[in-house]
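J.: The following block contains the structure, expressed as structure tokens.
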2 protein chains.
Amino acid sequence: MLRLSSSFVRTLREDPADAEVASHKLLVRAGYIRRSAPGVYTWLPLGLKVLRKVEAIVRDEQDAIGGQELVFSALQPREPYEATGRWEEYGPQVFRLQDRRENDYLLAPTHEETFTLTVKDLYNSYKDLPAMLYQVQTKFRDEARPRAGLLRTREFIMKDAYSFDIDDAGLDVSYEKQRGAYQRTFDRLGLPIVICRADAGAMGGSRSEEFLHPTPVGEDTFVVSDGGYAANVEAVTTVAPPALDEAAIAGLPAMHVEDTPWASTIAALTDFSNEAFPGTGPITESGEWTRYEMLKHLAYLLTYPDGSTEPLVIALPGDREVDEKRLESAVAPAVAAPFTDADFAKHPVLTKGYIGPEGLGLESPSEIRYLVDPRVAPGTSWVAGAGEKDKHVYDLVFGRDFTADGTVEAAEVRDGDPAPDGSGPMRLTRGMEMGHIFQLGRKYAEALDLKVLDVNGKAVVVTMGSYGIGVTRAVAAIAELHHDDKGLVWPRQVAPADVHIMATGKTPEIFEEAERIGIELESRGLEVLYDDRPKVSPGVKFKDAELLGIPTSVVVGKGLATGVVEIRDRATGSIEEVAPEAAVEALVSAVRGA
Amino acid sequence: MLRLSSSFVRTLREDPADAEVASHKLLVRAGYIRRSAPGVYTWLPLGLKVLRKVEAIVRDEQDAIGGQELVFSALQPREPYEATGRWEEYGPQVFRLQDRRENDYLLAPTHEETFTLTVKDLYNSYKDLPAMLYQVQTKFRDEARPRAGLLRTREFIMKDAYSFDIDDAGLDVSYEKQRGAYQRTFDRLGLPIVICRADAGAMGGSRSEEFLHPTPVGEDTFVVSDGGYAANVEAVTTVAPPALDEAAIAGLPAMHVEDTPWASTIAALTDFSNEAFPGTGPITESGEWTRYEMLKHLAYLLTYPDGSTEPLVIALPGDREVDEKRLESAVAPAVAAPFTDADFAKHPVLTKGYIGPEGLGLESPSEIRYLVDPRVAPGTSWVAGAGEKDKHVYDLVFGRDFTADGTVEAAEVRDGDPAPDGSGPMRLTRGMEMGHIFQLGRKYAEALDLKVLDVNGKAVVVTMGSYGIGVTRAVAAIAELHHDDKGLVWPRQVAPADVHIMATGKTPEIFEEAERIGIELESRGLEVLYDDRPKVSPGVKFKDAELLGIPTSVVVGKGLATGVVEIRDRATGSIEEVAPEAAVEALVSAVRGA
């Protein structure tokens, strides 16, 4: 029995100054966590109880699909990460350090390399596979902007699992097992989830899904359609207009360069076009020119992990902005920065403000890498910069007048855009990534030479899957979803206690009865938090109980004299009066029956 | 049921190349751990089970004395460690790193500062005290020489607890509680312990005891006497001869300088003295000169954490060597390095090889700090360097002819030296530090301003105790103590499973019966490891079972045809034949009855 009088629990009436979101405010105010550095938290006793319960549910579902738990060290030597190229790729995201002999280490933000090497160390035959290994371990990531309490931290607990299979079919089976385990895990945690297609590009694999919890405080944007499509915005593919055939293209008006003074913005160019060439726009029925056709060209300098650089020009319909995260995902592991004046000076073929396919799209591959939005399909007609100041080209037809080195998914996704699978318009939704499963394939096994002998005695490269759950973040997400204006409202399965007993009054009988109820509840296997503070007013005890958020509480107070105690339900706010001798049974069924 | 056919367990026949001690060899060979970097290990599934059981016992005993668990981050910002002076004091022992904003962090090797600050954050009244807080957490230490597998690692799990009390009497009570909890913990872990007085100097506290487990592979040397004295060698105080009074001193022969050509070593000087002045030695009945009286002077340069330096001369009887660890402990937090020729050149008062009290011990404080062994008591008579080449002083009497700035405990402790409490001669013993409890007192509370209001409303500084157990090391110590030449022999309470079932044979009946026994044992609440590998010979299964070290095993093999299975006890080697239908009951009582 946790007695509040001697527990290391203190509630605060004021929100912490740095808190933006409810879970952060409430977890700090209720004494569950404390900040020790930016993005680094202490788990106080009540918080630790919640954390352990979340971990236990995560473990249980991993064990249920044959997962075997182990624990890797946080300190990891440079060499394996060097072998897979990630020592450099990680960039400033990772904490690096040296030991006293100046050997390089990192604090592992993820353990693909170590899992791979350990399986290589222990296993060597197809008979050893499939294998599913996992750990629940403290990870480190030097986030640029740690935020929102436990939602984005620099030291956090993750469950990371890896599957090892002899072939793709095996990987599919392992992947489906984890997919099921994740659904059951989040279900038990009380966290609604949308499973979204994710961009697996950066991790080098094939199938990849994120388990996103829809919440306004989420950092991720994802899309859903009524027809069941769901994807991370980075993974959305653009529906391109149908490509015209050669004959149709040949029938389109010929391209022509026009003077376009002052039309240096998309909006101005659109207005100019409607004034100068009214009724000839290629898209609308009325022939009105829209911002869509004003093909926007943007120049970026890509920097690769090895430090090398390369210019990139992308083109997209003028009514769309670039989505930085989609661009980032599209060019990873390179990092894209908009061209500076110095960059323009180095590449005179690009005229700032008037970039067009001139010098880029006439031959492929062009001198400067040139990627277009998928909406720039063969036969589509555009207006673009003519490569010199105050001039634009009209009726520029893709596939006839210019080509590109490929397409790029960098344009923003909008509410109402069609889902790529034809399942209807998409809605943009905010969410928080709670889990991620993906088929790594053979990337790490190849880099670190993880092979086993197959049934014919031939060495074959193992194929891997990777499956992560943010355990720390799950605690925050649960708190964020389950609270009201008075405090936390824990789901029973992760609450730090089953029953919160309040002794409100001054007579010894009240405290004796509260104690008796507590002891009986414990003997029935329930966890009890007992507010036994002798000189604290009922009002303060009620407020603290609401803040702490234990699902069921019992008030032993003045009513005791007339044979009544109060059972309260934190979630519904309902209050039920029962006789003291019936309290234990009523509490047990409130907890167990739920 | 852990089925060996699909478990991430592989045994090795060969010892790992870098292993020196049995626990290291066996834990690696049996597939409990793997090295991932020098002094950094992976816990494989079986090892993790042992670790979790050790942790659970440690937690249980902490909870039993009212300990409240929390968890601090490994990443800790520089500032609090700066405030207590430990950022510098730690030296190269600690892993330091910077985040992307170039803020300094360390990977906490211990959390005194954070515990102190957190209590300051939550508590403010004497009513909040006493408090006992603990964590079981991963710690980091950049050991110069990680060794012996899990015995000395750079990333390890510790239980560290801190007590907070309003006064010294309270601290004594908290200290005794932990002392009892530690005795019960090590008792339950099956680790014999000697509680030794420890030098608390470096930690700034008063009472301090180490829980040393006697073992030849231990790195610590401690002493015990038949009368019950036990101390870490660093904490042993020297028994000084009785001091003579002034009258007695006045009666001693006067000091005289003698030419001592070629007598540049203690041995040569002793021989010379016996030749030149036979029968006049001051200690032996026969008047023989011994190495004891040849007072050895050694010059060191002390370097303090802030980088400042200071010379130090120490004097000790010529038959004793300096014990580096005792010296280190005596001068901490400074570090002592023997004088170089350059140091001698800077301090011409010290003549290399002929240092004596000349210029040091004639007045106090002398120009150069001068400390003597406690055996150099008032009235004792010595031979020492005369401060110039080839000359020594005879009949040099302490308290008459020279004095010092104090005493120093730097001389080696020897088998047979008298215990300081008069409990008889001491024996030197090798041991491993498993736990350490000490009264920190107010050092950290003062540095970080942890005060509470006392009963009169006056702010008083809190007094603290610190209590650590090396959890990772405990696993190694248990393995080291409980093994034989065939493998590990786990005590039941920490074994990775209760029963190891071996199916040895080829008929389906054998595997079915083994499976049935396993399922029944699990339904009785036992943990089962089942060697169900189909094509592995009985010999290999027996060898693996011995290596893995589960306390009780059952062999279901050929005997099944004649109605017999074998129950084996790993520790005693006993084999008992029972009928298959009696096996479960026999196994349950073997496990439970133990």
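J.: Per the 1.4 Å probe, what fraction of the accessible area of segment A:246-407, in percent, lies on carbon and sulfur atoms?
T.: It is 55 percent, rounded to a whole number.
J.: Hey, can you rank A:515-523, A:14-22, A:53-61 by average C-beta count inside 10 Å, highest first?
T.: My ranking of the peptides, most packed first, is A:53-61, A:515-523, A:14-22.
J.: Look at the axis of the rotation that sends chain B onto chain A, then give the chain B residue with the nearest Cβ and the distance in whole Å.
T.: Closest to the rotation axis on chain B: B:97, 2.
J.: Other chains' Cβ within 10 Å of A:42-48 residues: what's the mean?
T.: Counting Cβ atoms of other protein chains within 10 Å of each residue's Cβ and averaging gives 6.
J.: Take every DSSP beta bridge whose two residues both sit in the protein assembly as shown, then give the antiparallel share in percent to the nearest 5.
T.: Beta bridges within the protein assembly as shown, antiparallel portion: roughly 80 percent.
J.: Moving on to the next point. How far is residue A:520 from the same spot in each other copy, in nm, shortest first, if each label point sits 7 Å from Cα toward Cβ?
T.: In nanometres, ordered from closest: 4.1.
J.: Could you pull out which residues in segment B:496-537 have an amide N less than 16 Å from a spot 7 Å beyond the Cα of residue A:127, following the Cα-Cβ vector?
T.: B:503-507, B:531-537
J.: Additional query: In segment A:95-151, which GluC sites (Glu not before Pro) are in a loop and have at most 13 other Cβ atoms within 10 Å, using DSSP for the loop call?
T.: Within segment A:95-151, the qualifying GluC sites (Glu not before Pro) (loop, at most 13 other Cβ atoms within 10 Å) are A:102.
J.: Other chains near A:32-40: what is the mean number of their Cβ atoms within 10 Å of each residue's Cβ?
T.: For this peptide, the per-residue mean of nearby foreign Cβ atoms is 5.
J.: Separate question: Can you work out the accessible area per residue across the protein assembly as shown, with the rest of the protein chains kept in place, probe 1.4 Å, in square angstrom?
T.: In whole numbers, the protein assembly as shown has 41 Å² accessible per residue.
J.: Continuing with the same structure: Using the 7 Å Cα-to-Cβ label point, sort the distances from residue B:536 to its equivalents in the other copies shortest first and give them in nm to one decimal.
T.: List, nearest first: 5.5 nm.
J.: Moving on to the next point. Count the net charge of all other residues whose Cβ sits under 10 Å from the Cβ of residue A:133, scoring Lys and Arg as +1 and Asp and Glu as -1.
T.: -2
J.: Still on this structure, I have one more. Amide H neighbours of residue B:483 under 5 Å, counting only residues 5+ apart in sequence or on other chains, H built in-plane at 1.01 Å?
T.: The list, which skips near neighbours in sequence, is B:489.
J.: How much length, in nm to one decimal, is gained on full extension between residue A:20 and residue A:226, taken as 0.36 nm per residue of separation minus their Cα-Cα distance?
T.: Value of the extension gain: 71.0 nm.
J.: Sticking with this structure for a sec: Return the subset of B:325/B:352; A:53/A:325; A:120/B:53; A:177/B:53; A:25/A:535 for which the Cα-Cα distance in this structure is over 31 Å, preserving the input order. Display every interim value, and only then the final one.
T.: Details: B:325/B:352 24 Å; A:53/A:325 34 Å; A:120/B:53 28 Å; A:177/B:53 29 Å; A:25/A:535 27 Å.
The pairs that break the limit, which is 31 Å between Cα atoms, are A:53/A:325.
J.: Another question, then. Taking the Cα atoms only, what angle lies between the long axis of helix A:45-64 and the longest principal axis of chain A, rounded to 10 degrees?
T.: For helix A:45-64, the angle is close to 70 degrees.
J.: Explain nothing, just the number: relative contact order of chain A, from Cα pairs under 8 Å at least 6 residues apart, as a whole percent.
T.: Value for chain A: 17 percent.
J.: While we're looking at this one, here's another question. With label points built 7 Å along Cα→Cβ from the Cα atoms of residue A:328 and residue B:247, find their separation and express it in nm.
T.: Label-label distance for residue A:328 and residue B:247, simple model: 9.1 nm.
J.: In deg cm²/dmol and to the nearest 500, what is the mean residue ellipticity at 222 nm of the protein assembly as shown if only DSSP H runs of at least 4 residues count, each as -39500 (n - 2.57), divided by the residue total?
T.: Working: 30 runs with 316 residues, N = 1188.
Estimated from H runs of four or more residues: -8000 deg cm²/dmol.
J.: What is the local net charge at residue A:394, summed over the other residues whose Cβ is closer than 10 Å to its Cβ (Lys, Arg +1; Asp, Glu -1)?
T.: -3
J.: Using Cα pairs under 8 angstrom and six or more residues apart, how large is the relative contact order of segment A:381-457, in percent?
T.: Value for segment A:381-457: 13 percent.
J.: If I ignore ligands, DNA and RNA and count only protein heavy atoms, how much of residue B:507 is accessible to a 1.4 Å probe, in Å² to the nearest 10?
T.: Only protein atoms counted, so the area is about 60 Å².
J.: I've got another one for you. Using a 1.4 Å probe and ignoring any ligands, DNA or RNA, find the accessible area of residue B:117 and quote it in Å² to the nearest 10.
T.: My reading of the accessible area for residue B:117 is about 60 Å².
J.: OK, next. In whole angstrom, how long is each semi-axis of the equivalent ellipsoid of the protein assembly as shown, when you take the square root of 5 times every eigenvalue of its Cα gyration tensor and sort them from largest down?
T.: Equivalent-ellipsoid dimensions as semi-axes: 64, 41, 35 Å.
J.: Can you tell me how much longer the chain between residue A:194 and residue A:564 gets when fully stretched, taken as 0.36 nm per residue apart minus their C-alpha distance, in nm with one decimal?
T.: Working it through step by step, the gained length comes to 128.7 nm.
J.: What shape does segment B:497-593 take by its C-alpha gyration tensor, where a ≥ b ≥ c are the square roots of the eigenvalues and a/c under 1.5 counts as rounded, a/b above b/c as prolate, and the rest as oblate?
T.: It comes out rounded by the Cα gyration axes.
J.: Calculate one ³J(HN,Hα) per residue across segment B:396-402 by plugging θ = phi - 60° into the Karplus curve 6.51 cos²θ - 1.76 cosθ + 1.60, and present them in order as whole Hz with x for glycine and proline.
T.: 7, 9, 5, x, 10, 8, 7
J.: If I model a spin label at residue B:264 and residue A:535 as a point 7 Å from the Cα along the Cα→Cβ vector, what separation in nanometres do I get?
T.: According to this spin-label approximation, the distance is 7.7 nm.
J.: Turning to a different aspect of this structure: Counting only other chains, what is the mean number of Cβ atoms within 10 angstrom of the Cβ of each residue in peptide A:64-71?
T.: That average works out to 5.
J.: Describe numerically, in nm with one decimal, the distance between label points set 7 Å from Cα along Cα→Cβ at residue B:335 and at residue A:102.
T.: In this crude label model, residue B:335 to residue A:102 measures out at 1.7 nm.
J.: Using only the alpha-carbon atoms, how far is helix B:266-276 inclined from the longest principal axis of chain B? Give it as 0 to 90 degrees, nearest 10.
T.: Its long axis makes an angle of about 40 degrees.
J.: Further question: Against the longest alpha carbon principal axis of chain A, how many degrees, from 0 to 90 and to the nearest 10, is the axis of helix A:580-593 turned?
T.: Once rounded, the angle reads 30 degrees.
J.: Now, a different point. Where q = 0.13, 0.18, 0.19, 0.29 Å⁻¹, what log10 of I(q)/I(0) comes from the Debye formula for segment A:73-135, counting one point per Cα?
T.: Debye intensities relative to I(0), on a log10 scale: -0.42, -0.71, -0.76, -1.29.
J.: Which whole-number percentage describes the relative contact order of segment A:497-593, with Cα contacts under 8 Å and a sequence gap of 6 or more?
T.: 32
J.: Also, quick follow-up: State, to one decimal in nm and shortest first, how far the label point of residue A:422 sits from each corresponding label point in the other identical copies (label point: 7 angstrom along Cα-to-Cβ).
T.: 10.1
J.: What is the distance in Å between the Cα centres of segment B:73-93 and segment A:279-349?
T.: Spelled out, the Cα-based centre of one part sits 48 Å from the other.
J.: How far is the Cα center of segment A:521-542 from the Cα center of segment A:125-203, in Å?
T.: 38
The values are calculated or read from the model by the stated rules, or taken from the named source; none is laboratory data. Owing to the predicted nature of the structure, the values given are computational and were not obtained by experimental measurement. Heads up, the Cβs are rebuilt from the backbone with ideal geometry, glycines too, and the neighbour counts pull from every protein chain shown. Heavy atoms of the whole protein, side chains included, go into the accessibility calculation; ligands, DNA and RNA do not. Shrake-Rupley method; radii C 1.70, N 1.55, O 1.52, S 1.80 Å.
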